[in-house]
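Input: a single structure, listed below in structure tokens.
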Amino acid sequence: MELIDAIHETLPQIQCGRCDTPGCYQYAKDIAEGAPHDRCVPGGSKTLNKLNIILDKDLNEVDLAYGPSIKNQKVKIIEDDCIGCKKCIEACPVDAIVGATNLMHSVIDDICTGCELCIEPCPVDCIEIIEKSASETVEQRENSQYFFDLKESLQTHEKRKKLANNSPENISISDEINLRIRNRKIDKTAALNKMQSTIIKDDLVKLHEFNPNDVTAFLKDKNDS
Ligand code: SF4
Ligand code: SF4
Ligand code: SF4
């Protein structure tokens with residue numbers, strides 16, 4: 001077996017990018033070319049020890065500078081709050097989110113690795129983490145490289161259109177989403193207000209260096225005056 005493949009097989013296949021590379025396979029390549037092998041925090045000591053054996057090295061701990069670990073989990077979109085901005089779709093490394101511009105989005109449970117990459121870009125904070133058992137995430141993670149590669153290879157509009165036209169599975173997912181969109185009750189004004197409030201709060205913290213704890217009190221004072 002090639003060294004890259006042996007390394008890749010030991011990585012947890014969450015495709016989270018916390019190792020500072022876009023995906024597990026790229027990190028396996030980087031390790032084979034000499035990059036430190038202690039950057040996969042989600043893999044923890046179990047992955048590190050296997051890599052130590054493969055590489056004949058003896059690093060003791062993963063480098064926590066590469067971010068917190070990731071539990072056995074998936075995410076769920078709170079569909080009544082979703083404003084359909086598509087930012088989560090762009091962020092998802094394995095194309096586990098479906099939806100159309102300005103319409104509700106939904107997570108495909110069978111593909112989501114729980115990598116958390118969609119959470120931060122959501123402007124209305126409507127993506128929540130659901131803890132799962134190890135057995136409920138193993139298949140998604142084992143198959144993630146396939147979906148990661150598929151997303152990479154489907155970057156052009158034409159290829160995406162072809163897949164949408166050809167896949168009965170995608171068509172049935174779209175049908176189900178359309179049905180749920182027609183049947184749901186959404187307060188668009190409340191969702192937009194929530195998004196605007198999130199953006200203002202972010203700006204106060206990032207651009208005006210407010211203490212996050214003071215932002216709510218400040219906005220309340222402004223509204224009262
Ligand atoms: S699981 Fe995340 S941190 Fe670990 S190798 Fe894969 S992309 Fe990198
Ligand atoms: S839906 Fe979110 S958590 Fe799940 S794989 Fe995609 S980006 Fe990661
Ligand atoms: S980022 Fe949030 S609001 Fe935008 S489409 Fe995704 S879930 Fe909906």
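Being in a helix (DSSP H, G or I) and touching an Asp or Glu at 6+ places or on another chain (Cβ under 7 Å) is a condition met by no residue of region 72-84.
For residues that are within 11 Å of ligand 2 (Cβ to nearest atom) and part of a strand (DSSP E or B), scanning just region 119-135, find the one that is surrounded by the fewest Cβ atoms within 10 Å (Cβ to Cβ).
Filtering region 119-135 down to residues within 11 Å of ligand 2 (Cβ to nearest atom) leaves 119-122, 127-130.
Those left that are additionally part of a strand (DSSP E or B): 127-130.
Details: ILE127: 22, GLU128: 10, ILE129: 14, ILE130: 13.
Filtering region 119-135 for residues that are within 11 Å of ligand 2 (Cβ to nearest atom) and part of a strand (DSSP E or B), the one surrounded by the fewest Cβ atoms within 10 Å (Cβ to Cβ) comes out as GLU128.
May I ask you to verify whether PRO68 is in contact with a Pro (Cβ under 6 Å, 6 or more places away or on another chain) and not in a helix (DSSP H, G or I)? Judged against the criteria, PRO68 is not a match.
Yes/no matrix, rows are residues, columns are (1) farther than 21 Å from VAL107 by Cβ; (2) in contact with a helix residue (DSSP H, G or I) (Cβ under 8 Å, 6 or more places away or on another chain); (3) basic (Lys, Arg):
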site	(1), (2), (3)
GLY43	yes, yes, no
ASN52	yes, no, no
LEU59	yes, yes, no
GLY67	yes, no, no
ASN72	no, yes, no
ILE83	no, yes, no
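Any residue in region 86-97 that is outside any loop (DSSP other than H, G, I, E, B), in contact with a Gly (Cβ under 6 Å, 6 or more places away or on another chain), within 26 Å of ASP175 (Cα to Cα) and within 15 Å of ligand 3 (Cβ to nearest atom)? No: zero hits.
Checked against (1) surrounded by 21 or more Cβ atoms within 10 Å (Cβ to Cβ); (2) closer than 15 Å to GLU79 by Cβ; (3) among the β-branched types (Val, Ile, Thr), THR113 meets all criteria but (2). Residues considered: CYS82, CYS16. Of these, the only one that is surrounded by 14 or more Cβ atoms within 10 Å (Cβ to Cβ) and within 13 Å of ligand 1 (Cβ to nearest atom) is CYS16. Could you list, in sequence order, the residues of region 75-87 that are within 18 Å of THR113 (Cα to Cα), of a type outside the set (A, V, I, L, M, F, W, C) and touching a strand residue (DSSP E or B) at 6+ places or on another chain (Cβ under 8 Å)? Across region 75-87, the qualifying residue is only LYS76. The combined condition, being at pLDDT 95 or above and more than 16 Å from ligand 1 (Cβ to nearest atom), is fulfilled by ILE77.
Can you tell me which residue within region 56-74, out of those that are among the polar types (S, T, N, Q) and out of contact with any strand residue (DSSP E or B) (no Cβ under 6 Å at 6 or more places or on another chain), is farthest from ligand 3 (Cβ to nearest atom)? If we take residues in region 56-74 being among the polar types (S, T, N, Q) and out of contact with any strand residue (DSSP E or B) (no Cβ under 6 Å at 6 or more places or on another chain), then ASN60 is farthest from ligand 3 (Cβ to nearest atom).
Can you find a residue that is part of a helix (DSSP H, G or I) and farther than 27 Å from CYS88 by Cβ anywhere in region 12-29? There is at least one residue in region 12-29 that is part of a helix (DSSP H, G or I) and farther than 27 Å from CYS88 by Cβ. Only residues that are more than 16 Å from ligand 1 (Cβ to nearest atom) and crowded, with 22+ Cβ neighbours inside 10 Å were counted across region 86-96, and they come to 1.
Checking the structure you have, find out if any residue of region 80-95 is within 15 Å of ligand 2 (Cβ to nearest atom) and modelled with pLDDT under 90.
Going through region 80-95, the residues within 15 Å of ligand 2 (Cβ to nearest atom) turn out to be 82, 85-95.
Filter once more, keeping what is modelled with pLDDT under 90: none.
Looking for residues that are within 15 Å of ligand 2 (Cβ to nearest atom) and modelled with pLDDT under 90, one finds none in region 80-95, hence no.
The residue that is farthest from ALA28 (Cα to Cα), among those in region 49-79 that are within 12 Å of ligand 2 (Cβ to nearest atom) and of a type in the set (A, V, I, L, M, F, W, C), is ILE77. Condition first: assigned to a helix (DSSP H, G or I), among the basic types (Lys, Arg) and either assigned by TED's automatic domain parsing to the domain that holds LEU154 or at pLDDT below 80 (or both). Can you find one or more residues in region 176-185 that meet it? The answer is yes; a qualifying residue exists. ASN102 meets the conditions (1) surrounded by fewer than 21 Cβ atoms within 10 Å (Cβ to Cβ); (2) away from ligand 1 (no atom under 16 Å from the Cβ); (3) under 16 Å from ILE78 (Cβ atoms) in every case but one. The failed one is (3).
The values are calculated or read from the model by the stated rules, or taken from the named source; none is laboratory data. All of these numbers come straight from a predicted model, not from anything done at the bench. Glycine gets a Cβ as well: all are built from the backbone with ideal geometry, and neighbour counts include every protein chain shown.
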